[in-house]
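The values are calculated or read from the model by the stated rules, or taken from the named source; none is laboratory data. Just so you know, these numbers come straight off a predicted model, no measurement behind them. All Cβ positions, glycine included, derive from the backbone under ideal geometry; neighbour counts span all protein chains shown. Protein only, heavy atoms only, side chains kept; ligands, DNA and RNA dropped before computing areas. Shrake-Rupley method; radii C 1.70, N 1.55, O 1.52, S 1.80 Å.
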Amino acid sequence: MGRRRKKAVHIPKKRLPKFFSCPTCGKETVFVEITREESGQAFAQCSSCGLKEEFQVKPAQSEIDVYCMLTDHVYSALKRTSITKLKE
């Protein structure tokens, strides 16, 4: 008598998303494009609210790093404007 064969459990690999959530409008419409051939430029653009930013990237940086730079840039700009309004 043989025993029953166990089913193989396949764990799906996690992948980075193609679209990220926008820090200004909150929708998942931010697309990041990196062009490494020319000068290491990266473009992040929201197709919903029209937010566009351009960054210089290093060879080891990926799309998620550019998205983090975008959110840091937007939140620091919001913080600067709120501080200047408080001073006035």
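Of all accessible surface on the range 11-88 at a 1.4 Å probe, what whole percent is carbon and sulfur? Don't skip to the answer; put the middle values down first.
Numbers: 3330 of 6020 Å².
Solvent-exposed carbon and sulfur of the range 11-88 make up 55 percent of the total.
For the chain, give me every cysteine whose Cβ has no other Cys Cβ within less than 4.7 Å, ordered by residue number.
Cysteines of the chain left without a disulfide-compatible partner: C68.
How large is the convex hull of the C-alpha atoms of the chain per residue, in Å³?
It is 182 Å³ per residue.
What is the packing order of peptides 3-10, 53-60, taking the mean over residues of other C-beta atoms within 10 Å and listing the highest first?
53-60, 3-10
Once Lys and Arg get +1 and Asp and Glu get -1 on their Cβ, which of Q41, T29, H10 lies farthest toward the positive end of the dipole of the range 1-58?
After comparing all options, I get H10.
Distance check, please: which entries in K18/K58; K58/K79; K13/K58; K27/K52 exceed 23 angstrom between their Cα atoms?
Where the Cα-Cα span goes over 23 Å, the pairs concerned are K58/K79; K13/K58.
Once every DSSP H run of n ≥ 4 in the chain is given -39500 (n - 2.57) and the sum is divided by its residues, what mean residue ellipticity at 222 nm do you get, rounded to the nearest 500 deg cm²/dmol? Walk me through the numbers before you get to the answer.
Numbers: 1 runs with 25 residues, N = 88.
So the calculated ellipticity at 222 nm is -10000 deg cm²/dmol.
With a 1.4 Å probe and every protein chain left in place, tell me how much accessible area Y75 has, in Å² to the nearest 10.
About 120 Å², rounded to the nearest 10.
On average, how much accessible surface per residue is there in the chain, in Å², for a 1.4 Å probe, leaving out ligands, DNA and RNA? Don't skip to the answer; put the middle values down first.
Working: 7720 Å² over 88 residues.
With all protein chains present, the chain gives 88 Å² per residue.
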